[in-house]
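The values are calculated or read from the model by the stated rules, or taken from the named source; none is laboratory data. Predicted, not measured: the structure shown is a model, and the values here were computed from it. Counting neighbours? That spans all protein chains shown, and the Cβs are built from the backbone with ideal geometry, glycine included.
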Ligand code: PGA
């Protein structure tokens, strides 16, 4: 039985005081949600404040990125050990915005996943096709490549896969339940090739314009085990409703 995993990806949003205000209001809303794993990924600057507030609540603190070296002359970068030091237990890797705007390749993503795991961090590993790729019938090809290359040489412990069709991110256009289920089942089948029956224990979560209005139907899909939420995670009311989804 996979425990649902719901994560907030705040991207480049919220100052420290905005983070504190959100978390103060959010904690009481989720005190009875022990049957769901909840993660919050604020920007780096808000991590210490968030860590102090969610300590002892069971909410996971996640970072949105890391660099794969442990330390050294890499101006502007943050290492896995620094994230552990600050209280993170998970990190988002391979988000399409990182791939698109910061030119991260499958190889970079694989190095980052390995570095995160080496430091003891769990990983929310994102993948998904663009609209062009979907329309060209290449969705499965992309998912196969991203799964194989991203996870090459990686053991599956504490890996959460996030299927995020790029055309659904921040666009208000969600994948249909059929499209989501089909992609998730395909990814699980690919994971089975490398990990055997362990693939059935891995959470594959959906991301892309999740809202309080569509979360229940997406979560009803057999192979959808949670959600990675951008825009709708910025308001505590809507993220609380998403975390308290109804199956
Ligand atoms: P969205 O973003 O919910 O705003 O579409 C999801 C994501 O990019 O993780």
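Would a scan of region 25-45 turn up a residue that is in a helix (DSSP H, G or I), within 24 Å of residue 67 (Cα to Cα) and free of Cβ contacts under 8 Å to residues at least 40 places away in the same chain?
Yes - at least one qualifying residue is present in region 25-45.
Are any residues in region 50-99 surrounded by 18 or more Cβ atoms within 10 Å (Cβ to Cβ), assigned to a helix (DSSP H, G or I) and either away from the ligand (no atom under 16 Å from the Cβ) or at pLDDT below 95 (or both), and if so, which ones?
Once the filter is applied, which keeps residues that are surrounded by 18 or more Cβ atoms within 10 Å (Cβ to Cβ), assigned to a helix (DSSP H, G or I) and either away from the ligand (no atom under 16 Å from the Cβ) or at pLDDT below 95 (or both), region 50-99 yields 50, 53, 54, 80, 82, 83.
Within region 106-153, which helices (runs of 4 or more DSSP H) (wholly inside it) include 3 or more residues that are at pLDDT 95 or above and in contact with a helix residue (DSSP H, G or I) (Cβ under 6 Å, 6 or more places away or on another chain)?
Hits in region 106-153: 106-118, 139-150.
Does residue 19 meet the test of being farther than 30 Å from residue 201 by Cβ, buried (at least 16 other Cβ atoms within 10 Å of the Cβ) and away from the ligand (no atom under 16 Å from the Cβ)?
Working: farther than 30 Å from residue 201 by Cβ: yes; buried (at least 16 other Cβ atoms within 10 Å of the Cβ): yes; away from the ligand (no atom under 16 Å from the Cβ): yes.
It is true that residue 19 is farther than 30 Å from residue 201 by Cβ, buried (at least 16 other Cβ atoms within 10 Å of the Cβ) and away from the ligand (no atom under 16 Å from the Cβ).
Please pick out the residue among 202, 143 that is in contact (Cβ under 8 Å) with a residue 60 or more places away in the chain, touching a strand residue (DSSP E or B) at 6+ places or on another chain (Cβ under 7 Å) and more than 16 Å from the ligand (Cβ to nearest atom).
The match here is 202.
Test residue 177 against the criterion of being over 15 Å from the mean Cα position of the chain (by Cα) and modelled with pLDDT of 95 or more, and give yes or no. Can you show your working first?
Numbers: over 15 Å from the mean Cα position of the chain (by Cα): yes; modelled with pLDDT of 95 or more: yes.
Spelling it out, residue 177 is indeed over 15 Å from the mean Cα position of the chain (by Cα) and modelled with pLDDT of 95 or more.
Quick one: in region 156-172, of everything that is more than 9 Å from the ligand (Cβ to nearest atom) and in a loop (DSSP other than H, G, I, E, B), which residue is surrounded by the most Cβ atoms within 10 Å (Cβ to Cβ)?
My answer is 165.
Being in a helix (DSSP H, G or I) and on the phi > 0 side of the Ramachandran plot is the filter here, so list the residues in region 187-220 that pass it.
196, the sole residue that qualifies.
Could you grab the pairs with beta carbons closer than 8 Å, sequence gap of 6+ or different chains, first residue in region 46-75 and closer than 22 Å to residue 94 by Cβ, second one surrounded by fewer than 12 Cβ atoms within 10 Å (Cβ to Cβ)?
67/74
Quick check: is even one residue across region 111-121 over 16 Å from residue 151 (Cβ atoms) and either touching a residue at least 40 places away in the same chain (Cβ under 8 Å) or surrounded by 16 or more Cβ atoms within 10 Å (Cβ to Cβ) (or both)?
yes
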